[in-house]
Amino acid sequence: MTVAEFKNEFLFKYDAASNGGPDLNNYEISLCLTQAVKDIVKDYYDNYETNEKSKRVLAPLLKDHTSVITDNTNIFWPGKNYIISLPSDLQYIVLEQVKLKNCIGVPKIQITDLDHLNSVLNNPFKRPNKRKIVRTEFSGTKGEVYYEEELEKYNIKYIKNPLPIIVSNFSTDGDLIGDESIEGLSVITSTELPSFIHDDIVDKAVIIAIKTLRENNLQTQFQIK
């Protein structure tokens, strides 16, 4: 679908389902369509490893990242400690691959949260060794990796954040204030997801709009009472 077709299809289905609900402006329509895209990406990622359709739906969002590796001194751990860069548009990790210097082995990557990191490093049965790397949960644009040997490469295959669907240029839309934006964007934008899923995006967006309408009506009723 083109962006215009997304809007028209949404309005047609919304009018039929809302039973005379209030008109939505282009910003509100864009919010519903964008949330629908996010929900669909999450739903299909949950079945990514075992479902062929999930892989086809998310294929346009699949990207590779080679991390910048920086040595990091850690007084609590006598082995190697590294900071690795993460992509700024990272949403879900699909695969992590490590290349070691002067070694052909492929170590297992064990993930731990910061609260349990010290106990892992101090436990001889859980700490990093030649067959196991320990990394902390990712946060922001950096991650931390612990290992006995020297890392040469750290590659990440991931699902990126999807683009929003924006059905008008907000700054010139006469029904809007003009300073609206969605995830930093305010110009007409379409989704990267494949065309065979576009009807599902519209259907889910309509459900989101109707649910929001009903919740707002209920909240208003409580306030009146």
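The values are calculated or read from the model by the stated rules, or taken from the named source; none is laboratory data. This structure is a prediction, so every number in the text was calculated from the model and none was measured. FYI the Cβ positions are ideal-geometry reconstructions off the backbone, even for glycines, and counts take in every protein chain you see. Just so you know, the surface numbers come from the protein's heavy atoms only, side chains and all, with ligands and any DNA or RNA stripped out. Shrake-Rupley method; radii C 1.70, N 1.55, O 1.52, S 1.80 Å.
A few points about this structure:
- Tally of residues being among the charged types (D, E, K, R) and within 30 Å of the chain's Cα centre (by Cα) across segment 132-150: 5
- Lone unmet requirement of (1) at pLDDT 85 or above; (2) at positive phi for Asn102: (1)
- Among the residues here, Lys7 qualifies as open to solvent by 20 Å² or more (accessible area, probe 1.4 Å), closer than 18 Å to Ser190 by Cβ and more than 17 Å from the chain's Cα centre (by Cα).
- Complete set of residues in segment 14-27 that are more than 28 Å from Ala59 (Cα to Cα) and either in contact (Cβ under 8 Å) with a residue 12 or more places away in the chain or open to solvent by less than 50 Å² (accessible area, probe 1.4 Å) (or both): Tyr14, Ala17, Ser18, Gly21, Pro22, Leu24, Asn25, Asn26
- Failed condition for Ser168, given (1) in contact with a Phe, Trp or Tyr (Cβ under 6 Å, 6 or more places away or on another chain); (2) closer than 26 Å to Ile197 by Cα; (3) in a loop (DSSP other than H, G, I, E, B): (1)
- Qualifying residue in segment 26-48 (condition: under 30 Å from Leu100 (Cβ atoms) and in contact with a strand residue (DSSP E or B) (Cβ under 8 Å, 6 or more places away or on another chain)): yes
- Number of positions in segment 73-100 that are open to solvent by 90 Å² or more (accessible area, probe 1.4 Å) and farther than 30 Å from Asp46 by Cβ: 4
- Among residues of segment 124-166 being among the aliphatic types (A, V, I, L, M) and under 21 Å from Ser88 (Cα atoms), the one that is most open to solvent (accessible area, probe 1.4 Å) is Leu163.
- Pair list, Cβ < 6 Å and 6+ apart or interchain, from segment 55-74 residues that are without any contact (Cβ under 8 Å) to a residue 24 or more places away in the chain to residues that are in a loop (DSSP other than H, G, I, E, B): none
- A count restricted to segment 101-123 and to residues that are among the small types (Gly, Ala, Ser) and open to solvent by less than 30 Å² (accessible area, probe 1.4 Å) stands at 0.
- Looking only at residues of segment 28-71 that are among the hydroxyl-bearing types (Ser, Thr, Tyr) and closer than 25 Å to Thr189 by Cβ, we find that the one that is surrounded by the most Cβ atoms within 10 Å (Cβ to Cβ) is Ser30.
- The residues of segment 167-191 that are more than 18 Å from the chain's Cα centre (by Cα) and surrounded by 19 or more Cβ atoms within 10 Å (Cβ to Cβ), listed by number, are Val167, Ser168, Phe170, Ser186.
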